[in-house]
Amino acid sequence: MGNLRKRLAKRLRELRGETSQLQFIHKLGLSQSSLNRIEMGDQNVTLDTLEELCKRLKCDVGDLFAEENRDVSEAVVDSKETLRKKREKSKGKDGAE
(Lines give C-alpha, C1' and ligand atoms only; values in the text may rest on other atoms or scores of the structure.)
Protein backbone atom coordinates (compact mmCIF):
# COMPACT_ATOMS: atom_id res chain seq x y z
CA MET A 1 0.00 0.00 0.00
CA GLY A 2 1.40 3.40 -0.98
CA ASN A 3 2.23 6.07 1.56
CA LEU A 4 -0.45 8.44 0.23
CA ARG A 5 -3.10 5.72 0.43
CA LYS A 6 -2.11 5.04 4.05
CA ARG A 7 -2.26 8.72 4.91
CA LEU A 8 -5.65 9.20 3.25
CA ALA A 9 -7.00 6.06 4.92
CA LYS A 10 -5.79 7.18 8.34
CA ARG A 11 -7.09 10.72 7.86
CA LEU A 12 -10.57 9.62 6.80
CA ARG A 13 -10.77 7.24 9.78
CA GLU A 14 -9.75 10.16 12.04
CA LEU A 15 -12.34 12.45 10.47
CA ARG A 16 -15.06 9.84 10.77
CA GLY A 17 -14.24 9.26 14.43
CA GLU A 18 -17.13 7.57 16.20
CA THR A 19 -19.53 8.27 13.32
CA SER A 20 -20.77 5.11 11.64
CA GLN A 21 -19.63 4.38 8.10
CA LEU A 22 -23.28 4.57 7.04
CA GLN A 23 -23.64 8.15 8.33
CA PHE A 24 -20.25 9.15 6.92
CA ILE A 25 -20.97 7.78 3.42
CA HIS A 26 -24.08 9.95 3.21
CA LYS A 27 -21.98 13.00 4.05
CA LEU A 28 -19.27 12.03 1.55
CA GLY A 29 -21.47 10.75 -1.25
CA LEU A 30 -19.62 7.42 -1.45
CA SER A 31 -20.80 3.84 -1.35
CA GLN A 32 -20.06 1.94 1.84
CA SER A 33 -17.79 -0.47 -0.05
CA SER A 34 -15.79 2.46 -1.49
CA LEU A 35 -15.34 4.09 1.91
CA ASN A 36 -14.35 0.76 3.41
CA ARG A 37 -11.73 0.19 0.68
CA ILE A 38 -10.39 3.75 1.06
CA GLU A 39 -10.16 3.38 4.85
CA MET A 40 -8.33 0.07 4.39
CA GLY A 41 -5.94 1.69 1.89
CA ASP A 42 -7.07 -0.67 -0.87
CA GLN A 43 -8.82 1.88 -3.10
CA ASN A 44 -6.92 3.80 -5.77
CA VAL A 45 -8.74 7.12 -5.40
CA THR A 46 -9.25 9.29 -8.48
CA LEU A 47 -8.77 13.04 -8.61
CA ASP A 48 -12.52 13.37 -9.08
CA THR A 49 -13.12 11.46 -5.84
CA LEU A 50 -10.56 13.57 -3.97
CA GLU A 51 -12.20 16.72 -5.30
CA GLU A 52 -15.63 15.52 -4.15
CA LEU A 53 -14.28 14.58 -0.70
CA CYS A 54 -12.76 18.06 -0.35
CA LYS A 55 -15.99 19.71 -1.42
CA ARG A 56 -18.10 17.72 1.04
CA LEU A 57 -15.60 18.04 3.91
CA LYS A 58 -15.00 21.73 3.09
CA CYS A 59 -11.23 21.32 3.05
CA ASP A 60 -8.19 21.46 0.80
CA VAL A 61 -6.79 18.28 -0.72
CA GLY A 62 -3.65 18.62 1.40
CA ASP A 63 -5.79 18.43 4.52
CA LEU A 64 -6.81 14.90 3.53
CA PHE A 65 -3.20 13.79 3.65
CA ALA A 66 -2.18 15.55 6.87
CA GLU A 67 -0.08 13.33 9.09
CA GLU A 68 -1.06 15.13 12.28
CA ASN A 69 -4.22 14.64 14.30
CA ARG A 70 -5.79 17.95 13.35
CA ASP A 71 -9.37 18.82 12.70
CA VAL A 72 -10.05 19.69 9.06
CA SER A 73 -11.49 23.07 10.01
CA GLU A 74 -8.31 23.88 11.95
CA ALA A 75 -6.19 22.91 8.95
CA VAL A 76 -8.35 25.03 6.64
CA VAL A 77 -7.99 28.05 8.94
CA ASP A 78 -4.21 27.51 9.00
CA SER A 79 -4.14 27.27 5.20
CA LYS A 80 -6.12 30.47 4.79
CA GLU A 81 -3.89 32.27 7.30
CA THR A 82 -0.77 31.11 5.45
CA LEU A 83 -2.19 32.33 2.13
CA ARG A 84 -3.13 35.68 3.68
CA LYS A 85 0.40 36.16 5.01
CA LYS A 86 1.92 35.26 1.65
CA ARG A 87 -0.34 37.77 -0.11
CA GLU A 88 0.54 40.50 2.38
CA LYS A 89 4.24 39.74 2.00
CA SER A 90 3.90 39.80 -1.79
CA LYS A 91 2.05 43.14 -1.69
CA GLY A 92 4.76 44.56 0.54
CA LYS A 93 7.45 43.59 -1.97
CA ASP A 94 5.47 44.98 -4.89
CA GLY A 95 4.90 48.29 -3.13
CA ALA A 96 8.55 48.62 -2.07
CA GLU A 97 9.90 48.51 -5.60
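The values are calculated or read from the model by the stated rules, or taken from the named source; none is laboratory data. None of these values were measured; they are calculated from a predicted model. Neighbour counts run over all protein chains shown; Cβ positions are idealised from the backbone, glycine included.
The single condition from (1) part of a helix (DSSP H, G or I); (2) acidic (Asp, Glu); (3) surrounded by fewer than 16 Cβ atoms within 10 Å (Cβ to Cβ) that Glu18 fails is (1). Could you check, for the stretch 50-65, whether at least one of its residues is within 14 Å of the chain's Cα centre (by Cα), at pLDDT below 75, surrounded by 12 or more Cβ atoms within 10 Å (Cβ to Cβ) and not polar (S, T, N, Q)? No - not one qualifying residue is present in the stretch 50-65. Considering the stretch 21-43, the residues that are assigned to a loop (DSSP other than H, G, I, E, B) and surrounded by 11 or more Cβ atoms within 10 Å (Cβ to Cβ) include one that is farthest from the chain's Cα centre (by Cα), namely Asp42.
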